[in-house]
1. If you plug each phi of the stretch 49-66 into the Karplus form 6.51 cos²θ - 1.76 cosθ + 1.60 with θ = phi - 60°, what whole-Hz ³J(HN,Hα) values come out, in order, with x for Gly and Pro?
2. Under 5 Å between amide H atoms, partner at least 5 residues away or on a different chain: which partners does LEU303 have, H built in plane at 1.01 Å?
3. Relative contact order for the stretch 137-224 using alpha-carbon pairs under 8 Å, separation at least 6, rounded to a whole percent?
4. What translational diffusion coefficient, in µm²/s and rounded to a whole number, does the Stokes-Einstein relation yield for the chain at 4 °C and a viscosity of 1.567 mPa s, taking the hydrodynamic radius as the Kirkwood radius over Cα pairs?
5. Based on the mean of other Cβ atoms within 10 Å per residue, sort peptides 58-70, 369-381 so the most packed one is first.
6. ³J(HN,Hα) across the stretch 73-81 via Karplus (A = 6.51, B = -1.76, C = 1.60, θ = phi - 60°), whole Hz, x for Gly/Pro?
7. Starting from the amide H of CYS225, placed 1.01 Å from N in the peptide plane, find each other amide H under 5 Å away whose residue is 5 or more places distant or on another chain.
8. Provide the net charge surrounding TRP274, with neighbours chosen by a C-beta distance below 12 Å and charges set as Lys +1, Arg +1, Asp -1, Glu -1.
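Every number in this text was worked out from the coordinates using simple rules, so none of it is lab data. Because the structure is a prediction, the values reported are computed rather than measured. Counting neighbours? That spans all protein chains shown, and the Cβs are built from the backbone with ideal geometry, glycine included.
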Amino acid sequence: KNRHKIKMILNLKGEKPEYKVNRLGFWTLVGTWLLLVFIAQTFDLFPPMWDELSAFLNGNVSIIPTVPIAQTDILLLAGFVAALTAVKIPVGVVVGLAANTLAGKTKGEHAAEDFMGKMGEGNHFMDFFLMVLAEELFARALFLGVIPYVLHRHDPATFYILFLVGNFWWAYIHIKNFDEGDRQLLRIVPQFVGGIFLTYAFVKYGLLGSVIAHFAYNAVLFSLCKLQRFGEKDIMLIFWNGCVAVGSWLFISKPLTDLRSWFTSEPVFQIPGWHFPVYPLAIIFLSAVLSLVIDLLMYDRPLRDDEKKIRETDPFTLFILSLGVTGVLLGLFWLSGLVLVSVPVRIVCISILLAFANKMASTSACSRVFWECLTKSYLTLGTVLALGWVYGAVLSLMFFFLSFPEYLITKDDD
């Protein structure tokens, strides 16, 4: 029945799906943008960013402090991305409207709109993320990293020349999004301006910073296009996550600020004074709050095709499976250490790989995976590193049973 509903909505028989920007999508975009503004304003992230952007635009790129990947603080990076995206969204809208006004009305449908209308079900988070990674490797890593290294030229003049060339070619690639009769250079001005922000992110945090900032911007725009409706089941989910958040908060005996040590460049996961019940309660609370916020912003949910089979598995088998999953996480963490030195960056990369497994039928769900799954995966892996293999499996099992009401609520949803 659920599969039939999804097919009816998607019109997978070859017809164009009922997939468009709607009022709920506008709320998701505006609500997400306001949340990013609130985060940046609360932690006073705008003033230093304005100073560094001004220096960049005035030709003083050398005075911008760079953060080596081995010294990356994930919370500071997240705040930086929030502030940068909060500024880039309105700038992109204004520049886009101005460019389209000067160039005239488009003669055909934008390629992105056509793709979104035909995307159907799939691992679209992986597709979009790899696309962003490829673009950043070309426009930023190649022109601002590899070429200066090969030429042994690291002076500001060379930087700005390569920046202009690389940014222009990256923007020019996007001209193919328009019909042949509508491919004017004015159309790619928004991409060129957006590339200024991404270049600043690359200068500040390297490839990781520009990739995350690039996808964060796309995630906000992707949230416009929703496929799922908002109804009583969504209200029930909001109520459930609110109850879980309040219930877990009442039993947390340690300050959550202690978790700050998980996100520093040299993280400490085994927090002094913390024991087994405290870790699960803290992670359950943070996960419930995150899900509550995402549900209030009305993001689409990923597809859960195999969840029914898992729910019918007996508890002992589930525990064995949890041990296996936890072992895989620890194995991935060890393998990533052969390539990456920074522990937080290793966890972020593993979280991205885990997110690749999600299937979705809309770009709104793709955005949800970016905001929600990456954060929860980081918290889960941090807990596994703090508690060890067996207790990590117990935590996974707790998450599984705690999510059972959510499964009952959404199993027949669209």
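1. 5, 4, 4, 6, 5, 5, 4, 4, 6, 8, x, 10, 4, 5, 8, 6, x, 9
2. LYS359, MET360, ALA361
3. Details: 54 pairs, mean separation 22.3, N = 88.
That works out to 25 percent.
4. Values: Rh = 23.0 Å.
In µm²/s, the coefficient rounds to 56.
5. Values: 58-70: 12.8, 369-381: 21.2.
Final packing ranking: 369-381, 58-70.
6. My calculation for the stretch 73-81 gives 9, 5, 5, 5, 5, 4, x, 4, 5 Hz in order.
7. The answer is SER364.
8. Numbers: positive: LYS254; negative: ASP258.
Surrounding charge for TRP274 is 0.
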